[in-house]
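Trainee: Structure provided below as structure tokens; questions to follow.
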Amino acid sequence: MKRIGYLYEKIYDMDNLILAEANARRHKKRKGRLPYGIRRFDKNSTRNLEELQQQLISGTFEPSVFQSMQVKADHGKIRDISKVPYFPDRILHHAVMNIINPYIEKKMIYDSYACVVGKGTMFGVRRIKEALKDRKGTEWFLKIDIVKFYPTIDQDLTMQMLRKTFKDERLLNLIEKIIRSAPQGLPIGFYTSQPLANFVLSELDHFIKEKLRIKYYFRYCDDMVFMSDSKAILQEAYTIVSEKIEREFNQKLHTNYILARVGEPVPNETLRYRRPSRQTNRLSGLSVHPQQDAAPQVDEAEICPQAQESEKSSTPSGNTRQLQGLVYERGLYQPMENNNRNEKF
């Protein structure tokens, strides 16, 4: 496949930096007041952007030291969150993703939903509802996820995959500086982390769809759902995927995976649903979530480039502030309107 070049100049183009700064400040006002980092930047905004541009042109940009904090998840699990300064780091993260994200998204399968323009949790819910119309082909489902996903992402593998897609050495060096600024993994809180994590797992997605031939497969971040007419097929898929993730991605799957019939209650799990109806009863078996695997209460818009737009598109269906994590966990929400880009299974 032909690699993509001549992108670095687009990153430090002043129009892109201005756009990146505007995106970086969106939805940051709290109680009518902007955070200190933004207010400090605004005192010399033009000069600051020019300074960042010159650092990128000369290749002298170096990532700032980031702060680490802990955030309690829904069920008490503690997550480590990394926070970088608004200037220059967060603006630069936006500037990089403005340019490379369209190329990254082209690598994704259709049923990968996190940080993809026009998709998100509600889009994934609608796709699963469409799949469940094939009652015979979706009799069984398998849910798996990766242990400590972001902290265990292999930085070397990430760069290796990026080099297969991009050939601009200055661009690759810049991204590597951002990635290597953390001692390991891709930090939760970096604006670049979730798109790059999705990019890394896109190779696994293609393997599952094209090699294992799993017709009904859905992924949101590291949470993966398989559906089939055969329990044995899903058991074999778990074994193969588990071995591949350990061997090629240097990560591990949680051993508390879920393999069950669609629509049947799963023992020792928390069922989450809205008002059931005849139309949605089969989704109850997909509405389970282990207590220990809850998603953190963090501002997803700071991590994912498209999170805010996905949230907006979901609001007609109910109180979407509670929408986090697994796509199938929201199985009992009403579907979105038809999307012109719908892809048949």
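The values are calculated or read from the model by the stated rules, or taken from the named source; none is laboratory data. Computed from a predicted structure; not experimentally measured. A quick note on method: Cβ atoms are made from the backbone with ideal geometry, for glycine too, and the neighbour counts reach across all protein chains shown. With ligands, DNA and RNA removed, areas are computed over all heavy atoms of the protein, side chains included. Shrake-Rupley method; radii C 1.70, N 1.55, O 1.52, S 1.80 Å.
Trainee: Could you pull out every one of the lysines with an alpha carbon less than 23 Å from that of Lys28, ignoring same-chain neighbours closer than 8 positions?
Mentor: Candidates past the 8-residue exclusion: Lys43, Lys72, Lys83, Lys119, Lys312.
Trainee: Something else about it: Under the Karplus relation 6.51 cos²θ - 1.76 cosθ + 1.60, θ = phi - 60°, what is the ordered set of whole-Hz ³J(HN,Hα) values for segment 135-152, x standing for Gly and Pro?
Mentor: Per-residue couplings from phi come out as 4, 5, x, 10, 5, 10, 9, 10, 10, 9, 8, 9, 5, 6, 4, 5, x, 9 Hz.
Trainee: I need the fraction of alpha carbon pairs in segment 59-150 separated by more than 23 Å, rounded to a whole percent.
Mentor: Considering segment 59-150, 54 percent of its Cα-Cα pairs are separated by more than 23 Å.
Trainee: I've got another one for you. Using a 1.4 Å probe on the protein heavy atoms only, what accessible surface does Lys28 show? Give it in Å² to the nearest 10.
Mentor: Ignoring ligands and nucleic acids, Lys28 comes out at about 20 Å².
Trainee: Sticking with this one: Check which residues have an amide H placed less than 5 Å from Glu139's amide H, if you skip close sequence neighbours.
Mentor: Amide H neighbours of Glu139, under 5 Å, 5+ apart: Ser228, Asp229.
Trainee: Kindly flag which residue pairs out of Lys77/Lys143; Lys106/Lys215; Lys129/Lys211; Lys136/Lys244; Lys129/Lys231; Lys211/Lys244 have an alpha-carbon separation exceeding 22 Å in this structure.
Mentor: Among Lys77/Lys143; Lys106/Lys215; Lys129/Lys211; Lys136/Lys244; Lys129/Lys231; Lys211/Lys244, the Cα-Cα distance tops 22 Å for Lys129/Lys211; Lys136/Lys244.
Trainee: While we're here: Counting other Cβ atoms within 10 Å of each Cβ, which trypsin sites (Lys or Arg not before Pro) in segment 173-276 have at most 11 and sit in a DSSP loop?
Mentor: Passing both the DSSP loop test and the Cβ count: Arg213.
Trainee: Could I ask something else about it? Using modelled backbone amide H atoms (1.01 Å from N, in-plane), which distant-in-sequence or interchain residues come within less than 5 Å of Leu253's amide H?
Mentor: Val147
Trainee: To continue, here is another question. Is the shape of segment 147-207 rounded, prolate or oblate, going by the alpha carbon gyration tensor and its root eigenvalues a ≥ b ≥ c, with a/c under 1.5 for rounded and a/b larger than b/c for prolate?
Mentor: The shape class here is oblate.
Trainee: Also: Accessible area of segment 122-213 with a 1.4 Å probe: how many percent of it is carbon plus sulfur?
Mentor: 52
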